[in-house]
Amino acid sequence: MRHARIAYNGLIQHAVETKEGIKLEDGRIVNESQVTWLPPVEPKTVFTLGLNYADHAAELSFKEAPKEPLVFLKGPNTFIGHLGETYRPSDVTFMHYECELAVVIGKTAKNVKKEEAYDYVRGYTVANDYALRDYLENYYRPNLRVKNRDTCTPIGPWVVDKEDIEDPMNLQLTTYVNGEITQQGSTADMIFSVPQLIEYLSGLMTLNPGDIILTGTPKGSVDTKVGDEVITEVEGVGRLVNTIVGEKTFQSI
C-alpha cells in the first residue's frame, strides 16, 4: 500500500492510494489537484549517505570507494513534498539534484544484524537531495550550506510498504530535467546496501520509527536552473516532481 501526508481543506491528513483516487482518513476520495502534498513522513533523524555509488564517486574523481559509510545528518527544515518548489540562491553557480531511495525505519533498532535489517523497515520513498556545490569544502563531510538549506530536499509522494517492494537492492533510479533523462542508475550498484547501512547506523546509535536513511545517488548529477522541472523516480516506489525557483519567488512565499 502507498501512504501519504497531505493538506486538504486546511487540515493535515494521512491518506492512501486507491484506484478511485486519494482516500482520506474519513473515507472521502479526492484527486491530486485538490491536495497539497507534504513529506509522507514527518522527518526525525535523517541520515544521508555520501559517495555510496561507485560510479558517482568516480564521476567526482575519487579513485577508491569509501571503506565505511560516509554519513551526515539533515534537519527537518530541508524537506518539502511532491510538487513543491526548491529555492536556488542567486549567488550559486552549480546546484544539482540527487535521486535517492529513502528508507523509512518502522521500529526501534539497536545493534541490528544485516540479516535481520529488513524487519526494522517500514517502507520506502523517493528523495531528491539537492546539493549547492559552490559551498562544498569536503566531499566526505558536506557542510551545512551544501546540504541543509530550506526546501532543498523534496521527498515523496508516497511511502510504499516494504512488503510491496520485492527487492529494494534492484530498483532503477531515473532523473528527468524538463522532460529529458539526465540520470539513470540502479540500487544494485550501492557500495553499502540497505541492510549494511541499518547494521552500521544501529551499531552507532538507536534508530527510531520515522527515522529516514537517504541511501545516496548514482552518477549523472547536472546543474539545474530557475524554472527547471526536476522529476526523480525510483522504480516501484514513486515519481517525485519538483520545480526550481529564484529569490523573488522564494521571498514572496
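Excluding ligands, DNA and RNA, the accessible surface per residue across the chain is 46 Å² with a 1.4 Å probe. Sorting 28-37, 190-199 by average packing, meaning the other beta carbons within 10 Å per residue, from highest down gives 190-199, 28-37.
Could you check how much of the accessible area of the chain is carbon and sulfur, as a whole percent, using a 1.4 Å probe?
48 percent
Pairs from the list Lys74/Lys225; Lys44/Lys67; Lys19/Lys147; Lys23/Lys147; Lys19/Lys113; Lys110/Lys225 with a Cα-Cα gap above 32 Å: Lys19/Lys147; Lys23/Lys147; Lys19/Lys113; Lys110/Lys225. For the chain, what percent of Cα pairs sit more than 26 Å apart? The share of Cα pairs beyond 26 Å in the chain comes to 36 percent. Placing pseudo-labels 7 Å out from each Cα toward the beta carbon at Leu73 and Lys110 gives an inter-label distance of 1.8 nm.
Think of the chain as having a plus end and a minus end, set by charges on the Cβ of Lys, Arg, Asp and Glu; of Thr175, Leu51, Val241, Leu51 sits farthest toward the positive end of this dipole. Among Gly216, Gly27, Gly81, whose mean-square fluctuation peaks in a Gaussian network model of the chain (Cα, cutoff 10 Å)? Highest fluctuation of the listed residues: Gly27. Placing pseudo-labels 7 Å out from each Cα toward the beta carbon at Gln184 and Gln196 gives an inter-label distance of 2.5 nm. Which of Glu25, Glu17, Glu85 moves the most in a Gaussian network model of the chain with Cα springs under 10 Å? Highest fluctuation of the listed residues: Glu25.
The values are calculated or read from the model by the stated rules, or taken from the named source; none is laboratory data. All figures in this text were calculated on a predicted structure; none of them were measured in a lab. Note: ideal-geometry Cβ built from the backbone for every residue, glycine included; neighbour counts use all protein chains shown. Each accessible area value is taken on the protein alone, full model and side chains, heavy atoms only, with ligands, DNA and RNA left out. Shrake-Rupley method; radii C 1.70, N 1.55, O 1.52, S 1.80 Å.
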